[in-house]
1. Taking the range 30-45 only, how many residues are modelled with pLDDT of 55 or more, open to solvent by less than 60 Å² (accessible area, probe 1.4 Å) and among the polar types (S, T, N, Q)?
2. Could you say whether any residue in the range 74-83 is of a type in the set (D, E, K, R), within 27 Å of residue 125 (Cβ to Cβ), surrounded by 15 or more Cβ atoms within 10 Å (Cβ to Cβ) and at pLDDT 90 or above?
3. With the condition kept exactly as written, say whether any residue in the range 155-178 is open to solvent by less than 20 Å² (accessible area, probe 1.4 Å) and under 30 Å from residue 82 (Cα atoms).
Amino acid sequence: MNLLNRFKRAIGYLKALGLNDPKAWSSSIWNLAGTSVAGETVTEETALTNSAVYNAVSLISGTIGALPLHLMQKKGDKKRIADERTVYSVLHDSPNPFMTAMAFREAIMAHVLLWGNGYAEIVRNGYGEVVELWPITPNRVSIGMESGKVYYTINMGNQPDVILPREKVLHIPGRGFDGFQGYSVVAMARKSFG
């Protein structure tokens, strides 16, 4: 099936849906599958085998990851580094026991550059303070809305899906036009990569 037929089928499918229909939020409608016009399967992972893509993602995410990050607090006209807060060490030193802050920011930025979105699970202590951030690969995440509340469904493979409310997910969207999700750069450039 060629790209034009896929597009026509997706448009016909969307005409039957309303915006409040959960099926209208399916990313598979917008990505038009993983095959390029040339017949090659192009995903975020396979795009990284292209040296230009790999170098661009590596350079940008590495640069962003290496930038200093300080949590600032403002009182009146004065600003200061709020290094006594728990979240400061999470953002500045280590977001979880297995990653440095630089590695975490680099991974999240690579996710934004490739998938258009970066996700991390927020873990809080009994006081409600952020104590850990765990990155989630964007190809496992889908966003939904029910009763005016946004939630994230994480595909766990052979285990049941995990549903997290918006308050438990750090979501950094890239460029997008719906206000909820960024576009996958690879999906948008699938034709050229293929």
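The values are calculated or read from the model by the stated rules, or taken from the named source; none is laboratory data. Remember, predicted model here, so these are calculated numbers, not experimental data. In this analysis, Cβ positions are derived from the backbone assuming ideal geometry, glycine residues included, and neighbour counts consider all displayed protein chains. Protein only, heavy atoms only, side chains kept; ligands, DNA and RNA dropped before computing areas. Shrake-Rupley method; radii C 1.70, N 1.55, O 1.52, S 1.80 Å.
1. Counting residues in the range 30-45 that are modelled with pLDDT of 55 or more, open to solvent by less than 60 Å² (accessible area, probe 1.4 Å) and among the polar types (S, T, N, Q) gives 1.
2. no
3. Yes - at least one qualifying residue is present in the range 155-178.
Results for (1) touching a residue at least 40 places away in the same chain (Cβ under 8 Å); (2) among the basic types (Lys, Arg); (3) farther than 24 Å from residue 165 by Cα, shown as yes or no for each residue.
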{"position": "51", "(1), (2), (3)": "no, no, yes"}
{"position": "74", "(1), (2), (3)": "no, yes, yes"}
{"position": "81", "(1), (2), (3)": "no, no, yes"}
{"position": "90", "(1), (2), (3)": "yes, no, no"}
{"position": "107", "(1), (2), (3)": "yes, no, no"}
{"position": "134", "(1), (2), (3)": "no, no, no"}
